[in-house]
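For reference, the structure discussed in these notes is given below.
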There are 2 protein chains.
Amino acid sequence: MTTPINIGFLVYPDVIQLDVMAAYQVLTFPPNITVYLIWKTLTPITSNDGLIITPTTTFDNCPSLDVIFVPGGGMGQVEVMRDQEILNFLQQKSATAKYIASVCTGSMILAAANLLQGYKATCHWAFREQLAMLGVDVIPERVVIDKNRITGAGVTSGIDLGLTLVSLLCGDDIAKMTQLMLEYNPKPPFDAGIPETAGKSIVNPLMQYGKPLVEAFLAQTREIVQQIKL
Amino acid sequence: MTTPINIGFLVYPDVIQLDVMAAYQVLTFPPNITVYLIWKTLTPITSNDGLIITPTTTFDNCPSLDVIFVPGGGMGQVEVMRDQEILNFLQQKSATAKYIASVCTGSMILAAANLLQGYKATCHWAFREQLAMLGVDVIPERVVIDKNRITGAGVTSGIDLGLTLVSLLCGDDIAKMTQLMLEYNPKPPFDAGIPETAGKSIVNPLMQYGKPLVEAFLAQTREIVQQIKL
């Protein structure tokens with residue numbers, strides 16, 4: 001509990017803010033953890049739902065990280081997956097990080113940076129085929145750990161993944177205290193959190209609504225597959 | 001799904017960011033909902049875990065709200081509970097809002113504004129006795145609805161409460177689609193989200209750690225009880 005731990009969250013325009021904020025709230029509970037919001041500049045960026053997020057450090061000034069954490073995004077994530085400056089930064093920080101983590105489609109960014117090929121990993125349910133196309137061994141679970149890669153499913157898995165990280169970094173007792181402090185005793189009002197329980201009458205219109213996003217991601221995924229010659 | 005809905009989140013220095021961000025992410029999914037982060041000025045404030053939050057409107061410029069939402073905070077909440085300008089704003093907006101909502105100790109702020117007396121409501125497990133002292137009929141559940149008051153338990157209840165609000169505002173199908181989009185199929189790594197399951201070895205050190213906060217809140221609660229002569 002006394003060793004200082006640095007955790008860095010990549011942020012970028014159109015990031016899904018809860019992909020960041022859920023794990024951020026969990027991981028700031030242990031007093032020895034310091035978190036950073038990292039972007040190219042300190043200029044505030046806007047999340048996919050309009051939240052203004054102010055980075056706290058830049059790629060150039062970011063300290064050495066114990067954990068590098070990559071969140072998913074909306075349409076803006078396509079740009080991130082082909083931005084060599086961002087992918088280089090992730091590769092550089094991952095070389096010395098204890099853990100390399102993602103939530104939602106953040107694992108596709110890790111794969112775009114060639115940091116997840118051959119590993120077991122997960123992502124948001126609607127993008128698992130694309131993650132597999134990138135050479136990742138996709139496991140359809142909430143949180144997947146393979147060596148030092150820790151990946152989470154869609155958006156809200158950030159709480160489960162954050163608590164898992166706290167237990168790995170600070171022990172089970174501190175993780176349980178964090179869970180209790182956040183009163184994480186979930187009671188979803190519906191049994192609709194995954195396609196298997198939501199049913200077709202919910203899945204189909206949502207897939208229709210999300211079609212432009214899935215297709216834009218797919219075009220970029222195909223481009224990466226060409227480049228890395230999988 | 002076509003009627004415009006305005007939802008305003010009070011923010012303030014030392015607010016618990018996930019109290020806001022969980023419900024915010026849920027409530028921005030339906031395209032007819034617009035959310036606002038409301039404070040006295042547009043100057044960014046800092047959350048209890050160091051997140052810089054930029055308000056999007058002020059007390060003076062805030063439009064009419066369908067939902068007014070009050071999050072809990074760290075030590076800075078004590079100031080909020082005795083700030084007549086804030087309490088007046090909440091009273092004014094509540095007079096015309098369809099729903100008056102809170103998460104975590106946000107219900108104590110609603111009670112400080114005399115907006116929850118005689119209602120059934122909940123809050124973070126460690127503050128329920130204080131909420132009762134303020135004349136609220138405390139129900140120890142995850143989400144409590146009494147007429148148009150909707151209150152949630154500690155921090156992470158914001159997801160459950162947000163989905164409940166979406167179902168009330170936009171119907172069950174949109175709420176289920178929102179849940180599926182956020183892949184809210186929680187799998188807490190421990191059974192430690194409430195004191196009853198966490199056990200004394202976790203509860204006692206956490207209560208010790210949180211003692212200064214609970215005591216500062218209690219002093220303010222006692223002051224309010226005197227003022228409103230319960």
task = Would you check which residues across region B:163-197 are of a type in the set (V, I, T), farther than 23 Å from A:I16 by Cα and facing chain A (nearest Cβ under 7 Å) and list them?
result = B:I194
ask   = Here is a list of conditions, (1) of a type in the set (F, W, Y); (2) without any contact (Cβ under 8 Å) to a residue 12 or more places away in the chain; (3) within 23 Å of B:V70 (Cβ to Cβ), and B:F190 meets all of them except one; can you say which number that is?
value = (3)
task = Note down all Cβ pairs under 7 Å where the first residue falls in region A:76-96 and is in contact (Cβ under 8 Å) with a residue 60 or more places away in the chain and assigned to a helix (DSSP H, G or I), the second is small (G, A, S) and open to solvent by 20 Å² or more (accessible area, probe 1.4 Å), and they're at least six residues apart or on different chains.
result = A:V78/A:A216
message = For region B:163-186, which positions are aliphatic (A, V, I, L, M) and open to solvent by less than 20 Å² (accessible area, probe 1.4 Å)?
response = B:L163, B:L165, B:V166, B:A175, B:L180, B:L182
note = Screening A:T164, A:T151 for residues that are in contact with a strand residue (DSSP E or B) (Cβ under 9 Å, 6 or more places away or on another chain), polar (S, T, N, Q), closer than 27 Å to A:T34 by Cβ and assigned to a strand (DSSP E or B) leaves only A:T151
request  = Sort out which residues of region A:187-230 are modelled with pLDDT under 95 and open to solvent by 60 Å² or more (accessible area, probe 1.4 Å), and write them in order of number.
outcome  = A:Q226, A:Q227, A:K229, A:L230
request  = Please work out if B:G118 is more than 10 Å from chain A (Cβ to nearest Cβ) and over 28 Å from B:P30 (Cα atoms).
outcome  = yes
key: Verdict on B:Q208 being closer than 21 Å to A:P30 by Cα and either more than 11 Å from every other protein chain (Cβ to nearest Cβ) or over 17 Å from the mean Cα position of the chain (by Cα) (or both)   = yes
query = Here is a list of conditions, (1) within 22 Å of the chain's Cα centre (by Cα); (2) within 7 Å of chain A (Cβ to nearest Cβ); (3) free of Cβ contacts under 8 Å to residues at least 12 places away in the same chain, and B:E215 meets all of them except one; can you say which number that is?
reply = (2)
request  = Report, by residue number, each residue of region B:8-48 that is β-branched (V, I, T), over 13 Å from the mean Cα position of the chain (by Cα) and part of a strand (DSSP E or B).
outcome  = B:I33, B:T34, B:V35, B:I38, B:I45, B:T46
query = Considering region A:25-49 alone, what residues qualify as being out of contact with any Gly (no Cβ under 7 Å at 6 or more places or on another chain), open to solvent by 40 Å² or more (accessible area, probe 1.4 Å) and more than 8 Å from every other protein chain (Cβ to nearest Cβ)?
reply = A:P31, A:T34, A:K40, A:T41, A:L42, A:T43, A:T46
message = Residues to consider are A:E141, A:E196; find the one that is within 21 Å of the chain's Cα centre (by Cα), over 27 Å from B:Y209 (Cβ atoms) and among the acidic types (D, E).
response = A:E141
query = With respect to the numbered conditions (1) polar (S, T, N, Q); (2) open to solvent by 10 Å² or more (accessible area, probe 1.4 Å); (3) within 25 Å of A:V214 (Cβ to Cβ), which one is the sole condition not fulfilled by A:T58?
reply = (3)
Criterion: open to solvent by 10 Å² or more (accessible area, probe 1.4 Å), within 14 Å of another protein chain (Cβ to nearest Cβ) and closer than 30 Å to A:P188 by Cβ - qualifying residue of B:I52, B:I7, B:I16 = B:I16
note = Exception for A:N114 within (1) part of a loop (DSSP other than H, G, I, E, B); (2) open to solvent by less than 10 Å² (accessible area, probe 1.4 Å); (3) under 19 Å from A:T221 (Cα atoms) falls at (2)
note = Considering region B:134-162, residues that are small (G, A, S) and open to solvent by less than 10 Å² (accessible area, probe 1.4 Å), and then whichever is nearest to the other protein chains (Cβ to nearest Cβ), we arrive at B:G154
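The values are calculated or read from the model by the stated rules, or taken from the named source; none is laboratory data. Just so it is clear, the model here is predicted, and its values are computed rather than measured. Virtual Cβ from ideal backbone geometry, glycine too; neighbours counted across all protein chains shown. The accessibility values were calculated without ligands, DNA or RNA, using every heavy atom of the protein model including side chains. Shrake-Rupley method; radii C 1.70, N 1.55, O 1.52, S 1.80 Å.
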